[in-house]
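Comments concern the structure below.
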Amino acid sequence: MDATTQRIFRFAPSPNGFLHVGHARSALINHDLARKTGGRFLLRIEDIDTGRTNADYEQAIYEDLAWLGLTWEEPVRRQSEHFGDYESALERLAADDLLFPCFCSRGDIARAVEGREGDWTRDPDGAPLYPGACRHLPEEEVRRRLAAGEFAARRIKIGQALAQAATLIGWREYGDADEPRDVRAEPGVWGDVVLSRKDVPASYHIAVVVDDALQGVTDVVRGVDLMPATSLHRLLQILLGYPAPTYRHHSLVLDEHGRKLSKSAGSKSLRALRAEGVSPQTIRRMAGLPAGIG
Ligand code: GLU
């Protein structure tokens, strides 16, 4: 297979906790598909939220993946090395007049929608859609507040962005199947979503889209819980002129209560299972995968 057709997969964990069986499922599916198709397998450490990530968790990711029998291409990619690339992408969107500065705190937004909770739409992450106070601030006021040292997040002008994309947005989706289907994107459900804020200069959405383009990722394989985000990612890819990867949002590993695994739900980490004597082959089975690397 030559370099132009070689498929590129990535596993992109955030080092803010220990990996659990749900992460193992994602990593193993990516790795197995790369093997099966003669593709490349990248590991990307999503450490953009520097306040919530740490080096011990990162080290644990390497150990746990190696224990599972995975190998990945060196060097490991890391988001913290690409702040400049994220900023360039944000500046391109700003140059197209697709961003606006927003001075609202979460509290301001909560107050603005107070009493309207029942009929106020929320985005797929559960945050209230931006009610719009800063969308129409006079330029003069924006300049004055920025000059006075007030920090502004940057939000996308979603209506304008959709108008500029001027196309039906969608993607090829495999899910858990062997054959893809076409999915229609609905980026509007995110409203004027934040693309950069004070503590995180590039949001997950902008970072992941820039990284996948930069690293030539052809196949994004991740949990179905991230499927709503893909609508927004496809919009950003179109606005930034990036190619469209193919997506596989695989089903999740659920606990005995039918909930997805998470640190907050007390799901056992891979290292805790390893300490109990569980083997990598058993983890594959717990992750819903056939024995042996496919
Ligand atoms: N870093 C994200 C997570 O750990 C995954 C992002 C992605 O695969 O696009 O949930």
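A few comments on the model shown:
- Residue selection: Asp212 satisfies the criterion of being buried (at least 16 other Cβ atoms within 10 Å of the Cβ), within 11 Å of the ligand (Cβ to nearest atom) and touching a residue at least 24 places away in the same chain (Cβ under 8 Å).
- Criterion: over 26 Å from Pro13 (Cα atoms) and modelled with pLDDT of 95 or more - qualifying residue of Ala66, Ala112, Ala94, Ala89: Ala94
- Considering residues of region 216-239 that are surrounded by fewer than 17 Cβ atoms within 10 Å (Cβ to Cβ) and either more than 12 Å from the ligand (Cβ to nearest atom) or of a type in the set (Val, Ile, Thr) (or both) only, the residue farthest from Glu46 (Cα to Cα): Val224
- Given (1) among the small types (Gly, Ala, Ser); (2) within 16 Å of the ligand (Cβ to nearest atom); (3) within 18 Å of Ile48 (Cα to Cα), index of the condition Ser196 fails: (2)
- Count of region 8-21 residues, restricted to those that are farther than 16 Å from Pro280 by Cβ, of a type outside the set (Ser, Thr, Tyr) and either within 9 Å of the ligand (Cβ to nearest atom) or crowded, with 21+ Cβ neighbours inside 10 Å (or both), is 6.
- Hits in region 175-199 - residues which are closer than 22 Å to Gly126 by Cα and outside any strand (DSSP E or B): Ala185, Glu186, Pro187, Gly188, Val189, Trp190, Gly191, Asp192, Val193, Arg197, Lys198, Asp199
- Matching entry among Arg25, Arg52 (being within 16 Å of the ligand (Cβ to nearest atom), under 17 Å from Leu273 (Cα atoms) and not in a strand (DSSP E or B)): Arg25
- The selection criterion, being of a type in the set (A, V, I, L, M, F, W, C) and over 20 Å from the mean Cα position of the chain (by Cα), holds for Leu68.
- Test: residue in region 121-141 that is under 21 Å from Ala229 (Cβ atoms) and more than 21 Å from the chain's Cα centre (by Cα): yes
- Hits in region 97-109 (condition: at pLDDT 95 or above and either part of a helix (DSSP H, G or I) or on the phi > 0 side of the Ramachandran plot (or both)): Asp97
Results for (1) out of contact with any Phe, Trp or Tyr (no Cβ under 9 Å at 6 or more places or on another chain); (2) under 17 Å from Val209 (Cα atoms); (3) without any contact (Cβ under 8 Å) to a residue 60 or more places away in the chain, shown as yes or no for each residue.
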| residue | (1), (2), (3) |
| --- | --- |
| Ile8 | no, yes, no |
| Gly17 | no, no, no |
| His23 | no, no, no |
| Ser26 | no, no, no |
| Asp32 | yes, no, no |
| Gln59 | yes, no, yes |
| Glu91 | yes, yes, yes |
| Phe103 | no, no, yes |
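- Against the conditions (1) away from the ligand (no atom under 15 Å from the Cβ); (2) farther than 23 Å from Ala127 by Cα; (3) crowded, with 18+ Cβ neighbours inside 10 Å; (4) not hydroxyl-bearing (Ser, Thr, Tyr), Asp64 satisfies every one except (1).
- Number of the condition not met by Ser203 [criteria: (1) out of contact with any strand residue (DSSP E or B) (no Cβ under 8 Å at 6 or more places or on another chain); (2) free of Cβ contacts under 8 Å to residues at least 24 places away in the same chain; (3) within 16 Å of the ligand (Cβ to nearest atom)]: (1)
- Filter result for Leu289 (in contact with a strand residue (DSSP E or B) (Cβ under 9 Å, 6 or more places away or on another chain), under 12 Å from Val21 (Cα atoms) and in a loop (DSSP other than H, G, I, E, B)): no
The values are calculated or read from the model by the stated rules, or taken from the named source; none is laboratory data. This structure is a prediction, so every number in the text was calculated from the model and none was measured. Quick reminder, even Gly has a Cβ in these numbers, built from the backbone with ideal geometry, and neighbours come from all protein chains shown.
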